[in-house]
Number of protein chains: 2
Amino acid sequence: MTRPPAPHEIGLLEGIATTRAIRRFTDEPVSDADLAAVFFAATRAPSGSNRQPWRFIALRNDETSRRAKRLLGETARRMWALKRRGDRYDEGSGRRPDSPKARMARSMQRFAENFESAPVIVLVCFLRYREESHFEGASIFPCCQNLLLAARARGLGGVLTGFQAGAEAELRELLGIPDEVVLSAAIPLGHPEGGHGPVRRRPLREFVYQGRWGETPDWAVDPPGTRHAKAGPPGHRTFLDQGAGDGA
Amino acid sequence: MTRPPAPHEIGLLEGIATTRAIRRFTDEPVSDADLAAVFFAATRAPSGSNRQPWRFIALRNDETSRRAKRLLGETARRMWALKRRGDRYDEGSGRRPDSPKARMARSMQRFAENFESAPVIVLVCFLRYREESHFEGASIFPCCQNLLLAARARGLGGVLTGFQAGAEAELRELLGIPDEVVLSAAIPLGHPEGGHGPVRRRPLREFVYQGRWGETPDWAVDPPGTRHAKAGPPGHRTFLDQGAGDGA
């Protein structure tokens, strides 16, 4: 039934465990074939009643795309500056240049400064078909995850951002996006400067219950050798702590 | 850097393209090891600021879990009955037993009737950390997709449902779920009766634009031999049409 993976094709579980957020790209363009493969994978995701309510606008190097990317870049810098202050990235452990918080701040600063230089930025759009609710995300964000995993399979990288939210009206006008279409995400894509690798999270036992909220089963353990993120729950309820993660 | 896939491990792109919605399960229990692997993969997903705001309750075979599963089963039947009527599954082409609509109705009917017999139902919970918005789904539904892909890699199958929405108060009380926690999804998991296989979607050209809304690039084409779903956009704006898809 299943075609065996090509010798250098990464396996499904290994791919899932090593798809990091990539925020630095080389200048190498992304090929049409890579984009087609990435969007094909994205659209294999499930959606409510198989409605397939996703649309993607690939912003590349034409004049309109460059203007849209600049709008996104300006928003990225504005939103990051607010967050940097509001979440006090430069206080506490953030004063030590080698702290996770300071490293995260440098990484985000560089990301925001260069946001529009990503070879491709994918604007993910959602055709809303009933009243807005939490659950509608089940029909659009699984396809974003497929997109990121497929990018990793093709030697690319990217990261899910919400920076489109800061320039919605301008993006709609510039790109001709109808009013009823929701702008769900902006995903920069390119060839990673640096690489993918194991993502870090909190220990599995903090996330998995059995039979009842709070009842952690014995089997909820990470594979041997798993390294954990310092950020995240429990007991770290402020962004300041949680934002100082591994950036994954 | 990357471990080569084991001989029988499915590749990342192949896995993404062949993870179907599985709604029929054998009686074979799901092992602890399989569950641990599936949750490990789920929690490798990205989330805003790496907050990892997901919690999972695995409902298996203990008394409380069986009661929770029954609540979900009752909801599934109630919600499906409403949808069957409201979306007129038994009218038009639905009168022909071999039509996609009639087949979908039979599949959903059987699914709802047997909902609680899935070996595991995963209740996906979300720790909301700011005002509700469309974008919060970006921090919970990618992990659901990882979960489904990992299930497929382990020889399991499942499907993302919203049936928990019909029994929220009862589930909270029974399972001790705090009020501030959002119930995002209910995902039955088990060994598939039948198998995975290529999912079907509308042609890629209907989903992908370049540089501007509505501008379809030449390269937005499916791989050779791709079979398309009849359901979905464009020009099929009612659930009646869209629901008669391939169930994937």
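The values are calculated or read from the model by the stated rules, or taken from the named source; none is laboratory data. Not measured: the values here are computed from a predicted model. We place every Cβ from the backbone using ideal geometry, glycine too, and count neighbours over all the protein chains shown.
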- Item | Breaking point among (1) more than 7 Å from chain A (Cβ to nearest Cβ); (2) touching a Lys or Arg at 6+ places or on another chain (Cβ under 9 Å); (3) at pLDDT 95 or above, for residue B:222 | (1)
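Tell me yes or no: at least one residue of segment A:90-101 is within 28 Å of residue A:119 (Cβ to Cβ) and crowded, with 16+ Cβ neighbours inside 10 Å.
Filtering segment A:90-101 down to residues within 28 Å of residue A:119 (Cβ to Cβ) leaves none.
No: zero hits.
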- residue A:204 fails exactly one of the following numbered conditions: (1) out of contact with any Asp or Glu (no Cβ under 8 Å at 6 or more places or on another chain); (2) modelled with pLDDT of 95 or more. What is the number of that condition? (1)
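Which residues, taken from segment B:102-118, are assigned to a loop (DSSP other than H, G, I, E, B) and buried (at least 21 other Cβ atoms within 10 Å of the Cβ)? Reasoning before the result, please.
Of the residues in segment B:102-118, the ones assigned to a loop (DSSP other than H, G, I, E, B) are B:114, B:118.
The one that is assigned to a loop (DSSP other than H, G, I, E, B) and buried (at least 21 other Cβ atoms within 10 Å of the Cβ): B:118.
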- Query: Name the residues in segment B:43-69 that are of a type in the set (Lys, Arg), more than 19 Å from the chain's Cα centre (by Cα) and over 30 Å from residue A:228 (Cβ atoms), would you?
  - Reply: B:66, B:67
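Has segment A:62-74 got at least one residue that is under 30 Å from residue B:101 (Cβ atoms) and at pLDDT 95 or above?
Within segment A:62-74, none of the residues are under 30 Å from residue B:101 (Cβ atoms) and at pLDDT 95 or above.
Check A:88, A:106, A:84, A:96 and return the single one that is over 30 Å from residue B:147 (Cα atoms), more than 9 Å from every other protein chain (Cβ to nearest Cβ) and in contact (Cβ under 8 Å) with a residue 60 or more places away in the chain. Give the derivation first.
Values: A:106 fails: in contact (Cβ under 8 Å) with a residue 60 or more places away in the chain; A:84 fails: in contact (Cβ under 8 Å) with a residue 60 or more places away in the chain; A:96 fails: in contact (Cβ under 8 Å) with a residue 60 or more places away in the chain.
The conditions single out A:88.
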- Of all residues in segment B:71-81 being touching a residue at least 40 places away in the same chain (Cβ under 8 Å) and over 27 Å from residue B:43 (Cα atoms), the one that is surrounded by the most Cβ atoms within 10 Å (Cβ to Cβ): B:75
- Query: Right, residue B:68: on the phi < 0 side of the Ramachandran plot, within 12 Å of chain A (Cβ to nearest Cβ), out of contact with any Phe, Trp or Tyr (no Cβ under 7 Å at 6 or more places or on another chain) and assigned to a helix (DSSP H, G or I) or not?
  - Reply: yes
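Residue-by-condition table, conditions (1) facing chain B (nearest Cβ under 7 Å); (2) touching a residue at least 40 places away in the same chain (Cβ under 8 Å); (3) part of a helix (DSSP H, G or I):
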| residue | (1), (2), (3) |
| --- | --- |
| A:121 | no, yes, no |
| A:124 | no, yes, no |
| A:130 | no, no, no |
| A:145 | yes, yes, yes |
| A:148 | no, yes, yes |
| A:151 | no, yes, yes |
| A:166 | no, yes, yes |
| A:171 | no, yes, yes |
- Query: Would segment B:47-62 turn up any residue that is surrounded by fewer than 20 Cβ atoms within 10 Å (Cβ to Cβ), facing chain A (nearest Cβ under 7 Å), outside any helix (DSSP H, G or I) and of a type in the set (Asp, Glu)?
  - Reply: yes
- Could we say that residue A:237 is modelled with pLDDT of 95 or more and more than 30 Å from residue A:65 (Cα to Cα) here? no
